[in-house]
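The values are calculated or read from the model by the stated rules, or taken from the named source; none is laboratory data. For clarity, every value in this text was computed on a predicted model and none was experimentally measured. Here the Cβ is made from the backbone with ideal geometry for all residues, glycine too, and neighbour counts use every protein chain on show.
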């Protein structure tokens, strides 16, 4: 009788252990259901990590986002498509949970940026208000759909051009919201990514991902 190769035996053992751990885990602690392909490939990846053929995955960090306080209230200057970090470091609702932001219609219940506040934001950045239609929007750096707040520390006048501008940032916002609500990224890390450098996230997306996001979200209205 042929002997089972060691690698195959290891895969079978890891598969068995993975399935057993899922069956005995409390319902609240069980991960989201995996496809057959994911179940078959997961043990292979674990074996590759064990023998040093693949990097170990980064640990899941579900800690709250670490955002800086607002340090400047005037003389703000944008850095291309990014806000002045000292003026707009980002701010979030402390009580917002994953369940809340993933509920359809949530952003409509919390949006509150009165004209007086918009004037303050534009004045801090030296931009005339109101701007010509389609040129700027009072943008939430951390979008409402990721738990961002209406605080002035989270607002800045974002231009449409040159590209990437506020239209492209909308894609990043929706991409990160999808990632968070699918359980593929901790909320705090998504908030930090977009508050620190949303352009880096945009640059990491493939053309296929961008096309899909554009097809899903055809409206560029200031709603996120």
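Computed quantities for the displayed model
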quantity: Flag if residue 126 is farther than 15 Å from residue 202 by Cα, modelled with pLDDT of 95 or more and surrounded by fewer than 18 Cβ atoms within 10 Å (Cβ to Cβ); calculated: yes
quantity: Any hit, the range 148-156, residues being part of a helix (DSSP H, G or I), touching a helix residue (DSSP H, G or I) at 6+ places or on another chain (Cβ under 9 Å) and more than 24 Å from residue 124 (Cα to Cα); calculated: no
quantity: Exclusive hit being surrounded by 17 or more Cβ atoms within 10 Å (Cβ to Cβ), assigned to a loop (DSSP other than H, G, I, E, B) and either on the phi < 0 side of the Ramachandran plot or under 19 Å from the mean Cα position of the chain (by Cα) (or both), set 121, 142; calculated: 142
quantity: Looking only at the range 183-199, and only at residues there that are in contact (Cβ under 8 Å) with a residue 40 or more places away in the chain and not in a helix (DSSP H, G or I), the one that is nearest to residue 62 (Cα to Cα); calculated: 186
quantity: Single condition residue 160 does not satisfy, out of (1) touching a helix residue (DSSP H, G or I) at 6+ places or on another chain (Cβ under 6 Å); (2) closer than 17 Å to residue 188 by Cβ; calculated: (2)
quantity: Tally, over the range 159-182, of residues that are out of contact with any strand residue (DSSP E or B) (no Cβ under 8 Å at 6 or more places or on another chain) and either closer than 16 Å to residue 103 by Cα or part of a helix (DSSP H, G or I) (or both); calculated: 15
quantity: Filter result (within 17 Å of residue 209 (Cα to Cα) and either modelled with pLDDT under 95 or crowded, with 22+ Cβ neighbours inside 10 Å (or both)) within the range 145-170; calculated: 167, 169, 170
